[in-house]
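Chemist: My questions all concern the structure below.
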Amino acid sequence: MESINFAKGYDKVRSSSSVHLEVEDQARHPQATKPIKKFRIAVVSAAVFLTAALAVMLFALIHHTNTEHPSPPENIPVAAATTLDSIRAVCNVTQHPDSCLAAISAAVGGNPKPVTDPEEILKVSIQVSLKRFADLASLFRNSSGGEWGSKVAVDDCVDQLGEGVSNLNQSLAAMEVEASTEGKMLTPAKIDDLKTWISAAMTDEETCGDGLEEMGAKVPEGVKAEMEECKQLLSNSLAILANMTSLLRHFHLQMH
């Protein structure tokens with residue numbers, strides 16, 4: 001009987017020892033599965049971060065591509081879009097690219113052929129400048145000067161603007177290609193002449209404006225706006241002319 005009791009007691013001790021060892025093992029290695037879970041969470045987080053980063057990079061690349069190479073509006077014919085892009089590239093060398101683009105694109109709007117040659121665009125710019133300059137001269141000629149408070153200043157403007165119209169006409173005439181000459185719309189010598197004539201036209205208008213101010217003439221706001229627009233158009237033509245060599249190189253052309 002004592003043997004049996006001893007055996008039972010031993011079993012209890014062994015069972016108790018086993019339980020004690022398990023408790024110690026758990027105490028020594030608490031939550032043994034946590035590192036694995038943390039590793040899995042880290043892997044998932046990294047995958048999510050990389051996916052988001054790739055999405056951002058892809059979006060930036062698409063946006064950059066669309067910005068660098070914008071597609072022409074769908075309602076503009078291919079020829080018109082080509083003309084518009086060329087005019088914009090030329091007008092970007094001016095101080096007033098918006099007014100330059102608006103004026104020249106409106107002038108060539110009815111042209112069935114694309115206008116992509118910088119020399120042709122310059123010619124149109126001078127034509128637009130001449131028309132607005134001539135319209136401005138007509139405003140002064142049709143004014144008696146009395147209602148503006150200074151007939152002398154107005155008469156002086158008529159003379160100055162008339163000279164400006166003449167200078168711009170000379171500029172356009174010089175760009176006409178003649179069989180008896182080199183057959184080129186522009187040459188280095190022509191460019192120098194054009195700079196002189198267009199600059200002279202700008203000086204003519206500035207002299208007119210200075211005279212009106214000195215004489216205290218009451219110029220209508222509409223006329224002042226016309227004068228400012230003419231000044232910008234002339235400035236645009238002069239800027240295009242001054243950058244013609246680099247523009248031709250940009251379009252892979254030479255003076256012709």
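Chemist: Considering only segment 82-137, state which residues are farther than 22 Å from His256 by Cα and among the small types (Gly, Ala, Ser).
Modeler: Residues satisfying the conditions are Ser99, Ala102, Ala103, Ser105, Ala106, Ala107, Gly109, Gly110, Ser129, Ala134, Ala137.
Chemist: Sticking with this one: Checking Leu212 against (1) outside any helix (DSSP H, G or I); (2) in contact (Cβ under 8 Å) with a residue 12 or more places away in the chain; (3) farther than 20 Å from Val124 by Cβ: exactly one of these is not met. Which one?
Modeler: Here Leu212 clears every test but (1).
Chemist: Among the numbered conditions (1) within 25 Å of His256 (Cα to Cα); (2) modelled with pLDDT under 95, tell me where Glu147 comes up short.
Modeler: It fails just one condition, (1).
Chemist: Here's a follow-up. Suppose we keep only residues that are touching a residue at least 40 places away in the same chain (Cβ under 8 Å), under 18 Å from Ala153 (Cα atoms) and not hydrophobic (A, V, I, L, M, F, W, C) within segment 185-208. Which one would you say is surrounded by the fewest Cβ atoms within 10 Å (Cβ to Cβ)?
Modeler: Filtering first and then ranking leaves Thr207.
Chemist: Confirm whether Thr207 is under 18 Å from Gln127 (Cα atoms) and either part of a loop (DSSP other than H, G, I, E, B) or in the same structural domain as Ala173 (by TED's automatic domain parsing) (or both).
Modeler: no
The values are calculated or read from the model by the stated rules, or taken from the named source; none is laboratory data. All values reported here derive from a predicted model rather than from experimental measurement. Note that each Cβ is placed from the backbone with ideal geometry, even for glycine, and that neighbours are counted across all protein chains shown.
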